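Below is one structure, written out as structure tokens, with a few remarks after it.
The values are calculated or read from the model by the stated rules, or taken from the named source; none is laboratory data. The structure presented is a predicted model; accordingly, all values stated were derived computationally and were not measured. Here Cβ is always computed from backbone atoms with ideal geometry, including for glycine, and neighbour counts include all displayed protein chains. For accessibility, only protein heavy atoms count, side chains too; no ligands or nucleic acids. Shrake-Rupley method; radii C 1.70, N 1.55, O 1.52, S 1.80 Å.
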Amino acid sequence: MNTFLKRTLILLSIIALGLFLYSTFVENIFAKRLSPKDTVEFKLNDLKLEVFYNRPYRKGREIFGALVPFNQVWRTGANEATTFETNKTLQVNGMPLAAGKYTLWTVPKDSTWNVIFNSKQYSWGVNAEMQPMWDPNYDALNIEVPVQKLPNHVEQFTIAFDNSTDNLYLTMAWDDVKIAVPLK
């Protein structure tokens, strides 16, 4: 066997072993995720917005007030911390938010939600005790928006951008609840 072929086989073996070890000890890259990753984008002229998040399913569970407790900070999705990125300064519900990348946290309540844009980047949404990794010292903006009750249940947590009325909103919907954060 020539030297090139031996080196190629050794390299491929090392890569295969690395993938196996990563899959076994870190994250099973071959299994379907229970809360799949998703990215939503909005582009208009030179404005670019992007949200990265994980989308848990309802699966017949009671969501708000149970799985997601009222009056407590929620990582706004599952797994990794949800991120919001803008390349331009925005007005969020009338308050300025500088261009940059933020983690997005919420405090669901019965009739309103607090939406928090936090400047610190967190590798995960919760710690080992399942408490949010959110640090309020890095809050860039904290606003309150009303809850809209939906006539039908939304099975999978969904974040979207809506500008269907010439007004731009960041929307979040799950179970029978929807919120809309006004952006300018």
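Quick check: is even one residue across the stretch 121-136 farther than 21 Å from Arg61 by Cα, open to solvent by less than 20 Å² (accessible area, probe 1.4 Å) and either modelled with pLDDT of 95 or more or in the same structural domain as Leu49 (by the TED database) (or both)? No - not one qualifying residue is present in the stretch 121-136.
In the list Thr158, Thr112, which residue meets the criterion of being within 27 Å of Gly60 (Cβ to Cβ) and touching a Phe, Trp or Tyr at 6+ places or on another chain (Cβ under 9 Å)? Show your work before the answer.
On the way: Thr112 fails: touching a Phe, Trp or Tyr at 6+ places or on another chain (Cβ under 9 Å).
Criteria check complete, one pass: Thr158.
Taken over the stretch 148-175, the criterion of being crowded, with 17+ Cβ neighbours inside 10 Å, under 21 Å from Phe117 (Cβ atoms) and touching a residue at least 24 places away in the same chain (Cβ under 8 Å) is satisfied by Phe157, Ile159, Phe161, Leu168, Leu170, Met172, Trp174. Put simply, of Val145, Val115 the only residue that is of a type in the set (A, V, I, L, M, F, W, C), touching a residue at least 60 places away in the same chain (Cβ under 8 Å) and open to solvent by less than 40 Å² (accessible area, probe 1.4 Å) is Val115.
When the test is whether a residue is aliphatic (A, V, I, L, M) and on the phi > 0 side of the Ramachandran plot, Met95 does not pass it.
Regarding Lys178, is this residue surrounded by fewer than 12 Cβ atoms within 10 Å (Cβ to Cβ), in contact with a strand residue (DSSP E or B) (Cβ under 8 Å, 6 or more places away or on another chain) and within 18 Å of Val51 (Cα to Cα)? Judged against the criteria, Lys178 is not a match. In the stretch 44-51, the condition of being of a type outside the set (Asp, Glu), open to solvent by 40 Å² or more (accessible area, probe 1.4 Å) and at pLDDT 95 or above is met by at least one residue.
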